[in-house]
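Quick note: the coordinates plus some simple rules give every number you see, no bench work behind them. This is a predicted model, so every value here is computed, not measured. Here the Cβ positions follow ideal geometry from the backbone for every residue, glycine too, while neighbour counts run over all protein chains shown.
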Amino acid sequence: MGAHILVIEDEEAINDLICMNLEVTGYQVTSFFDGEEVSKSLPENHTYACALVDVMLPGKDGFTLLPELKKYGIPVIFLTARGEVQNKVRGLKEGAEDYIVKPFEMLELLVRIEKVLERNGKNNHLICIYDVEIDTEKHTVKKAGQEVYLKPMEYECLLMFVQHKNKALTRGQILGALWGMEFEGETRTVDAHVGRIRKKLDWGNVIKTIPTIGYRLEVDQ
């Protein structure tokens with residue numbers, strides 16, 4: 001079972017969608033619809049690795065919950081329809097790890113969660129696939145025990161494939177998650193990075209091309 005994620009979102013459809021996607025990805029999930037209920041439920045010995053918190057909540061809003069969650073060492077990612085710059089600045093200044101404005105791509109949310117877990121040492125820092133070992137604390141990649149140098153975006157691209165193994169990722173999804181939605185580079189950028197990863201890791205038959213769609217990292221379950 002993966003890291004334990006706390007989801008605090010009062011819109012039932014969004015809450016359900018987030019929880020479903022997190023569970024499919026392998027996370028353990030606990031959800032709430034009311035900020036006051038979260039306050040009452042927080043135990044000293046919680047196992048939460050990260051909290052996804054809507055700003056506009058009944059009971060207590062996200063800004064009010066933030067110091068309580070921080071007190072328990074729970075990193076916070078705000079999810080909100082309020083995209084005004086002042087709210088983003090306030091959230092980040094007061095200690096939120098990230099701030100995502102609705103509507104958002106689920107894949108982008110999953111990537112940002114992984115980044116927060118990595119920054120806070122909340123995930124398993126050693127990932128092994130076949131003869132490749134990725135150390136997310138040291139940012140190193142080894143193949144058959146020998147270190148392989150990947151450029152920063154090659155490394156991030158590899159991590160994205162690994163975190164979503166056996167799932168088809170479109171070039172647009174990869175561009176949006178790694179370079180940002182405002183990035184105007186063509187999808188050839190993704191192809192070039194994938195090509196270099198394949199060559200360096202000898203993964204020509206591991207990262208599969210999905211015609212007209214993108215790529216999939218295929219791993220035997």
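Of Lys60/Lys115; Lys102/Lys151; Lys88/Lys208, which ones are farther than 29 Å apart at the Cα?
Details: Lys60/Lys115 27 Å; Lys102/Lys151 31 Å; Lys88/Lys208 38 Å.
Too far apart for the 29 Å limit: Lys102/Lys151; Lys88/Lys208.
Using alpha carbons only, how many degrees (0 to 90, rounded to 10) separate the axis of helix 62-71 from the longest principal axis of the chain?
Helix 62-71 sits at roughly 70 degrees to that axis.
Mind giving me the FRET efficiency for Glu218 and Leu126? R0 is 25 Å, r the Cβ-Cβ distance, nearest 0.05 is fine.
0.75
Can you list which of the GluC sites (Glu not before Pro) found in segment 82-153 are DSSP loop residues with at most 14 other C-beta atoms within 10 Å?
Glu84, Glu94, Glu105, Glu137
Can you put Tyr215, Tyr27 in order, fewest other beta carbons within 10 Å first?
Tyr27, Tyr215
Compute the distance in nm between two label points, each set 7 Å from the Cα along the Cα-to-Cβ direction, one at Asp135 and one at Glu36.
Label-label distance for Asp135 and Glu36, simple model: 5.0 nm.
How much length is gained if the chain between Glu118 and Glu68 is pulled fully straight, taking 0.36 nm per residue apart and subtracting their Cα-Cα distance, in nm to one decimal?
Fully extending the segment from Glu118 to Glu68 adds 15.8 nm.
Using a Förster radius of 45 Å, what is the FRET efficiency between Arg188 and Asn21 based on their Cβ-Cβ separation? Nearest 0.05, please.
After rounding to 0.05, the efficiency reads 0.95.
Can you give the alpha-carbon Rg of the chain over 2.2 N^0.38 Å, where N counts its residues?
Details: Rg = 18.4 Å, N = 221, 2.2 N^0.38 = 17.1 Å.
Computed over Cα atoms of the chain, the ratio equals 1.08.
Please give, to one decimal in nm, the separation of the simple spin-label points placed at Ile14 and Arg198, each 7 Å out from Cα toward the Cβ.
In this crude spin-label approximation the distance works out to 3.9 nm.
Run through segment 71-167 and list the chymotrypsin sites (Phe, Trp or Tyr not before Pro) located in a DSSP loop whose Cβ has at most 11 other Cβ atoms within 10 Å.
Details: sites: Tyr72, Phe78, Tyr99, Phe104, Tyr130, Tyr149, Tyr155, Phe161; in loops: Tyr72, Phe104, Tyr130, Tyr149.
Qualifying residues, ordered by number: Tyr149.
How big is Rg to Rh over segment 4-119, alpha-carbon atoms, Rh as the Kirkwood inverse-mean-distance radius?
0.91
Looking at segment 37-83, which GluC sites (Glu not before Pro) are DSSP coil and have at most 14 other C-beta atoms within 10 Å of their C-beta?
Glu44
Per-residue ellipticity at 222 nm for the chain, helices alone: DSSP H runs ≥ 4 residues times -39500 (n - 2.57), over residue total, nearest 500 deg cm²/dmol?
-12000 deg cm²/dmol
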